[in-house]
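Written out below as structure tokens is the structure these notes cover.
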Amino acid sequence: MKIINIFKTGLTAIALTFTTSSVQAQDLMARQAPIDSRLRAVDSVAIKRLLKAESMENPSGDLYQTWANEFVNYDQALPAEYRIDLRDFHMPCESRVVNSHFGYRRQFGRNHYGTDIKVYVGDTIRAAFSGKVRVVQDQGRYRGYGKYIIIRHSNGLETTYGHLSKQLVREDQVVRAGDPIGLGGSTGFSTGPHLHFETRLLGEKINPEKLFSFEAGDVRGDYYIWRRNGRSQLMAAHDVSNLPEVEDKAEESRAYQQKRIAERQSRSRVHKVRSGDTLSKIARKYGTTVDRLCRLNNISRSKALKPGQILKCS
Ligand SMILES: [Zn+2]
């Protein structure tokens with residue numbers, strides 16, 4: 001905000017210099033009003049531009065506490081409700097053919113956290129919204145996303161673009177909706193050229209097809225009101241302006257965070273040793289290592305276990 005004040009002061013000084021040097025003192029009062037209103041107009045445009053620049057520099061800075069040039073599992077609670085403005089959307093590619101949807105895939109025995117859109121190698125991939133490029137990484141030819149990009153947007157979303165053949169942007173680069181960011185490909189865990197496209201809100205995975213119709217190349221609504229209680233919904237802009245202010249949430253959010261921490265702690269498990277148990281058997285059971293078990297319980301690898309003994313396992 002400081003920068004805006006300096007800017008305002010600067011403008012006022014310029015205007016006053018201009019005024020006093022070109023008119024008589026007695027005319028000053030008479031001429032003051034139109035200059036003031038002109039100044040206000042210039043001011044509000046300049047302030048809007050500065051605010052916009054600021055939000056491009058640190059998109060959704062109110063939501064995200066961190067900025068890192070790597071994949072992040074956010075350990076931050078989302079507010080009870082978050083209004084995602086979708087109106088700036090641009091199709092990430094020309095193609096409107098969806099190959100694979102969000103959700104569980106029996107074929108691979110795991111969840112698919114994005115939408116796969118058919119593209120050809122070399123097709124232009126574009127930023128879905130304006131924002132700032134957070135990650136430009138390569139997970140290798142056959143692993144994960146392959147060459148991928150994550151962009152953070154000022155509407156709260158982060159979008160991911162996977163399996164690219166080429167990345168055209170740098171980390172920390174500011175992009176506008178529709179700007180080319182890469183070329184389609186089939187790098188990483190992929191059986192053929194396609195764009196793997198993800199939308200997340202502070203790490204919370206959202207099915208992109210809830211927000212966009214890729215077949216139509218458009219958003220499904222002006223806003224997506226994300227709600228922690230599961231009652232998320234699409235809304236037209238004029239309905240959003242009628243929504244009651246979200247009571248925040250700081251308090252509620254803190255309570256939620258505490259609940260999550262409590263849940264995590266309750267998951268920290270203990271094991272009661274039974275006859276026949278070995279450290280490696282217990283480690284396997286709790287998905288940990290013998291070394292870690294030893295460290296947690298302050299024992300050596302060769303220590304004999306006694307039935308009934310309690311071991312911390314995580
Ligand atoms: Zn995919």
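The values are calculated or read from the model by the stated rules, or taken from the named source; none is laboratory data. Quantities reported herein were computed from a predicted structural model and do not represent experimental measurements. Counting neighbours? That spans all protein chains shown, and the Cβs are built from the backbone with ideal geometry, glycine included.
I'd like to check which strands (runs of 3 or more DSSP E) are fully inside segment 156-246 and have at least 1 residues that are crowded, with 17+ Cβ neighbours inside 10 Å, away from the ligand (no atom under 16 Å from the Cβ) and not β-branched (Val, Ile, Thr).
Qualifying strands (runs of 3 or more DSSP E): 157-164, 180-183, 194-201, 223-227, 233-235.
For PHE129, only one of the following conditions fails: (1) on the phi > 0 side of the Ramachandran plot; (2) away from the ligand (no atom under 15 Å from the Cβ); (3) touching a His at 6+ places or on another chain (Cβ under 6 Å). What is its number?
(1)
Yes or no, residue by residue, for (1) modelled with pLDDT of 95 or more; (2) among the charged types (D, E, K, R); (3) within 16 Å of SER100 (Cα to Cα); (4) in contact with a helix residue (DSSP H, G or I) (Cβ under 9 Å, 6 or more places away or on another chain):
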| site | (1), (2), (3), (4) |
| --- | --- |
| LEU168 | yes, no, no, no |
| ASP172 | yes, yes, no, no |
| PRO193 | yes, no, yes, no |
| HIS196 | yes, no, yes, no |
| GLU215 | yes, yes, yes, no |
| ILE225 | yes, no, no, yes |
| SER232 | yes, no, no, yes |
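Return the residues of segment 145-155 that are hydroxyl-bearing (Ser, Thr, Tyr) and within 14 Å of the ligand (Cβ to nearest atom); say none if nothing qualifies.
Selection gives TYR145, TYR148.
This table checks each residue for (1) of a type in the set (D, E, K, R); (2) modelled with pLDDT of 65 or more; (3) more than 23 Å from the chain's Cα centre (by Cα).
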site	(1), (2), (3)
ILE6	no, no, yes
THR12	no, no, yes
GLN24	no, no, yes
LYS48	yes, yes, yes
ASP75	yes, yes, no
HIS90	no, yes, no
GLU94	yes, yes, yes
TYR104	no, yes, no
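Would you mind listing the strands (runs of 3 or more DSSP E) fully within segment 33-146 where at least 1 residues are in contact with a helix residue (DSSP H, G or I) (Cβ under 7 Å, 6 or more places away or on another chain) and of a type in the set (Val, Ile, Thr)? Spell out how you get there, then give the answer.
Details: elements: 81-85, 98-100, 103-105, 110-112, 115-118, 124-126, 131-138.
So the answer is 115-118.
Any idea which residue in segment 101-135 is farthest from PRO244 (Cα to Cα), counting only those that are touching a residue at least 24 places away in the same chain (Cβ under 8 Å) and of a type in the set (Ser, Thr, Tyr)?
Filtering segment 101-135 down to residues touching a residue at least 24 places away in the same chain (Cβ under 8 Å) leaves 101-103, 113-135.
Cutting the leftovers down to of a type in the set (Ser, Thr, Tyr) gives us 113, 115, 120, 124, 130.
Numbers: TYR113: 32, THR115: 33, TYR120: 45, THR124: 41, SER130: 27 Å.
That would be TYR120.
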